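Computed from the coordinates by the stated procedures, all read-outs in this text should not be read as laboratory data. In this text the structure is predicted, and so the values were computed from the model without any measurement. Reconstructed Cβ throughout: ideal geometry from the backbone, glycine too, with neighbour counts over all protein chains shown.
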Amino acid sequence: MNEAPLIETFQYRLLACDGGARLGEIFTPRGKIRTPAFMPVGTAATVKAMYPEQVRELGADVVLGNTYHLMLRPGAERVASLGGLHRFMNWPYPILTDSGGFQVMSLAKLRKLDENGVTFQSHIDGSKHVLTPELSMEIQRLLGSDIQMQFDECVKLPCSTEEAERAMRLSLRWAERSRNAFGTQPGHACFGIVQGGAEPTLRIESAKALADMDFHGMAVGGLAVGEPQAIMLAMIETVMPHLPEDKPHYLMGVGSPDDLIESVARGIDMFDCVMPTRAGRHGLAYTRFGKINLRNARHADDPRPLDEKSSCPAARDYSRAYLHHLMRCEEILGMMLLTWVNLAYYQELMAGMRGAIAERNFADFRRRTKEDWGRGGEPLGS
């Protein structure tokens, strides 16, 4: 397990490259993050259907918390008064908080955006709130997260060039305000977010401007919001030459196992996505053999486990028939077991990529992994 000596500053170290894929380490006062890294999403200070100890045992070095949800309940001041987010959710390891901008745009009932920030109504009770770059950074400081994201505007794709440019330039102005509001927080980091829709020239301009602001890390935002994978990958390829090599590269809100492996091949170091936890709650398992829909009736009499060689007990020790039964009955245990299966597989995939990069055989790992997925959920040799 990853138990590195604690340090007082935030640092990134690039260890090896294999093609575009990068192997690295992020050091924080709360522990080391091995990259490429997948961050389980703990939106409301919990990774849904999982105990924190389980998440750690699977190999997660860092989890994500959400500024928008936590500011609405229980409130950042309350979390701070209770010792900060790490103590509140019993996760003493690194935490990244997003800025809340995406959720304001996607969840708030009514919203009004201007140069200062966003005024919106809570999706929970309709109460009115204002979120600005300065307030977003203050909330993240109160939560005590180790990595804090700039406040930005994320637009859905496809969108017009004019809309992408407007949001990108506003996000750059908000980036400068976010960086100033972050100030000096020893041991903590602030990441900028590249925007620009699907327009290469806008993406490049955003990346260059953010690099000049000297953020601790660089994120690529506004992708996986409705566009095909090919466009997402093209935007990564576009911005990568303009991101500082000596800082982490984070692709926000992504994605499927195939998204992860293709993005790592292009230089991405960090990911987060609700996909593995959400899929688990709806009966879909991710395994090294591909996706398996446990709601399908063909599993009703299948005594086999999902993967008899898995290190995850949920994948190894429970029959497909039992998992099918739990999902058909909407039993909570079924959701817990499949969430466990999925997060275990995601962490195994990241560990496999890290090992392959270290051994300079990432291309072969990528090919073999995709061949196994092509089996459609059937174990090798079946």
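Overview of values
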| quantity | calculated |
| --- | --- |
| In degrees, nearest ten, helix 161-182 long axis to first principal axis of the chain (Cα) | 80 |
| Relative contact order, percent, region 122-208 [alpha-carbon distance under 8 Å, six or more residues apart] | 33 |
| Whole-Hz ³J(HN,Hα) from phi, Karplus 6.51 cos²θ - 1.76 cosθ + 1.60, for region 280-286, glycine and proline x | x, 5, 10, x, 9, 9, 9 |
| Qualifying trypsin sites (Lys or Arg not before Pro) for region 107-172 [loop in DSSP, other Cβ within 10 Å: at most 15] | K109, K156 |
| Phi to ³J(HN,Hα) by Karplus 6.51 cos²θ - 1.76 cosθ + 1.60 over region 250-261, Hz, x for Gly, Pro | 10, 9, 7, x, 10, x, 6, x, 5, 4, 5, 5 |
| Shape category assigned to region 280-373 from the gyration tensor of Cα positions, a/c cut at 1.5 | prolate |
| Environment charge of K48, counting only residues whose C-beta is closer than 13 Å and scoring Lys/Arg +1, Asp/Glu -1 | +2 |
| Of K128/K156; K128/K247; K156/K208; K309/K370, pairs whose Cα-Cα distance is over 27 Å | K128/K247 |
| Derived scalar couplings ³J(HN,Hα) [region 24-39; Karplus, 6.51 cos²θ - 1.76 cosθ + 1.60; whole Hz; x for Gly, Pro] | x, 9, 10, 9, 10, x, 9, x, 9, 10, 7, 10, x, 10, 10, 9 |
| Overall form of region 46-109 per C-alpha gyration tensor (a/c, 1.5; a/b vs b/c) | oblate |
| Acute angle (nearest 10 degrees) that the helix 200-212 long axis makes with the longest principal axis of the chain, alpha-carbon atoms | 70 |
| Nonlocal amide H pairs with A37, under 5 Å, H built at 1.01 Å | M270, F271 |
| Rounded to 10°, Cα long-axis angle of helix 332-358 versus longest principal axis of the chain | 80 |
| Taking region 11-273 and dividing mean pair separation by its residue count, relative contact order in percent (alpha carbons under 8 Å, at least six apart) | 18 |
